[in-house]
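This report concerns only the one structure given below.
The values are calculated or read from the model by the stated rules, or taken from the named source; none is laboratory data. Computed from a predicted structure; not experimentally measured. Neighbour counts run over all protein chains shown; Cβ positions are idealised from the backbone, glycine included.
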Amino acid sequence: MYIVIVGAGEVGRYVATILVDEGHDVAMIEASEDVSRNLESALDCLVVHGSGVNPEVLQRAGIGKADLFIAVTQVDEVNLVSAMIAARLGNKPLTVARVRELEHYQVGNMQASDMGLSLLVGPEHSVAKQVVGQLSFEGAGEIRSLADGRLVLLELPLSEDSPLCHETLSELSDTFPAPSLVAGITGKDGLRIPRGDDILTPDERAEILTSPENVDEFIILSGKPWHHVRHVLIIGGGSIGYRLARELEAQRLYPTIVEMDKLRAEWLSRKLTKSIILLGDGTDPKLLKELHEEVADAVVVLIDDDEKSVLVGLMAKHLGAKKVVVRSDKLEYAPIAHKMGIDALISPRRALANHILAFVRRGRVSTAHMLGDHEGEVLEFHVPSAPKNPHLITTPLKALDFPRSSLVGGVIRGEKVFIPDGDSLFQAGDTLLVVALPAAIVAVEKLIR
């Protein structure tokens with residue numbers, strides 16, 4: 001595909017890097033001359049300096065041959081206008097615009113198509129739901145819902161006391177509750193796809209595919225402490241903090257939000273009638289200690305500064321918070337943050353990239369979930385009724401040429417959910433959950449078509 005991206009900030013650069021790595025031709029438009037100059041040496045793509053709402057700039061970026069146009073600047077209006085112009089100038093490209101306040105553009109059920117666009121993406125709401133998911137189970141680690149809730153991906157930290165650390169995965173498989181599979185292992189060298197002779201070690205994190213009812217059993221097996229979250233302290237009342245509080249209120253958990261901007265705090269107090277809104281600096285260690293002792297056993301840090309956000313999370317853990325969730329787009333901090341007790345890092349940038357990548361791959365992939373800082377992905381494929389690759393439904397899994405750096409972790413067939421083995425045959429209509437490292441994704445897509 002030929003893809004034009006407007007906005008080379010963290011989100012635009014992140015999405016562009018992934019798309020270039022997957023072999024797409026990418027052009028980036030950036031208004032800052034300094035950013036444009038630096039981008040030319042950092043990324044293998046066409047870089048055009050200028051405004052995304054300037055038709056001449058769009059033409060220089062190749063909008064006439066673009067298959068996909070993505071606008072992800074910091075300004076909603078720029079994204080919307082540039083996408084509308086691109087839709088008119090181009091040869092019917094798919095158009096995606098990022099809007100931070102998505103509900104403002106959905107009044108009266110108005111859709112993206114009503115503005116001549118293909119997709120509006122605003123990850124803040126989905127990130128808030130993801131945080132609720134982290135708070136809803138009683139243990140360390142992260143959890144993601146897959147296949148409409150039929151399976152979950154549990155990213156589980158392991159301790160020296162965990163029985164998961166003393167046998168090979170093939171030996172452990174008989175003791176796992178069905179359906180379950182260790183689909184990935186994250187350690188100091190990043191993510192790897194495991195084999196039967198792999199042995200998990202303490203301080204690694206196991207990526208486990210399982211059904212939701214098995215989560216508590218795996219948390220016990222991890223050897224880590226678990227607890228019940230009742231009182232939530234939210235540091236930062238921005239878009240995600242507001243949405244998170246609304247989600248918690250709907251579950252009859254009334255959080256305390258600390259917001260340092262007076263006007264924003266007043267707005268939150270009008271909108272959130274069941275939450276406690278405090279005006280103050282939640283990054284102040286003294287205030288954080290007072291609030292933790294009074295109102296919190298879980299702390300969610302949602303400030304924009306990545307380094308400060310992680311530091312505040314570590315402080316909260318030091319003060320005794322049972323569960324700590326931190327917003328950070330710098331997922332390279334994850335290994336040390338997890339090792340020091342932070343349970344989950346939430347990345348709006350990753351959430352936005354998930355939306356866009358799933359849209360880019362639509363038809364082949366129903367959803368995509370990134371692992372780490374795009375170290376791998378969990379992809380949901382639907383087996384077509386008449387596959388272009390006939391071997392897909394006539395050949396056992398062990399004879400299909402899946403790359404070694406990929407793994408079919410689960411199959412959903414009607415009401416049945418199971419972990420396939422080497423003799424499994426896929427059927428038309430199956431949903432396959434595939435864990436793959438980036439280098440394997442294109443090959444997997446060619447197999448499942």
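Points worth noting:
- Meets criteria (farther than 29 Å from residue 375 by Cβ and outside any loop (DSSP other than H, G, I, E, B)) for residue 27: no
- Subset of the stretch 130-159 that is modelled with pLDDT of 80 or more and of a type in the set (D, E, K, R) - its residue that is farthest from residue 347 (Cα to Cα): 150
- Helices (runs of 4 or more DSSP H) contained entirely in the stretch 276-347, each with at least 3 residues that are without any contact (Cβ under 8 Å) to a residue 24 or more places away in the chain, of a type in the set (Ser, Thr, Tyr) and surrounded by fewer than 17 Cβ atoms within 10 Å (Cβ to Cβ): none
- Enumeration of residues in the stretch 30-49 that are in contact with a strand residue (DSSP E or B) (Cβ under 6 Å, 6 or more places away or on another chain) and part of a loop (DSSP other than H, G, I, E, B): 45
- Residue ID - nearest to residue 376 (Cα to Cα), chosen from residues in the stretch 419-440 that are outside any loop (DSSP other than H, G, I, E, B) and touching a Ser or Thr at 6+ places or on another chain (Cβ under 8 Å): 436
- Lone qualifier among 57, 47 - being farther than 28 Å from residue 304 by Cα and either assigned by TED's automatic domain parsing to the domain that holds residue 82 or surrounded by fewer than 19 Cβ atoms within 10 Å (Cβ to Cβ) (or both): 57
- So residue 245, is it without any contact (Cβ under 8 Å) to a residue 60 or more places away in the chain, more than 25 Å from the chain's Cα centre (by Cα) and within 15 Å of residue 302 (Cα to Cα): no
- Residue check for residue 64: out of contact with any Cys (no Cβ under 9 Å at 6 or more places or on another chain), on the phi > 0 side of the Ramachandran plot and assigned by TED's automatic domain parsing to the domain that holds residue 15: no
- Hits in the stretch 374-408 (condition: within 28 Å of the chain's Cα centre (by Cα) and among the hydroxyl-bearing types (Ser, Thr, Tyr)): 405, 406
- Residue match in the stretch 269-282 (condition: at pLDDT below 90 and among the aliphatic types (A, V, I, L, M)): no
- The residue that is farthest from the chain's Cα centre (by Cα), counting only those in the stretch 144-167 that are farther than 20 Å from residue 409 by Cβ and either surrounded by 19 or more Cβ atoms within 10 Å (Cβ to Cβ) or not acidic (Asp, Glu) (or both), is 166.
- Restricting the search to strands (runs of 3 or more DSSP E) fully inside the stretch 200-265 and requiring at least 2 residues that are of a type outside the set (Ser, Thr, Tyr) and modelled with pLDDT under 90 gives 205-210.
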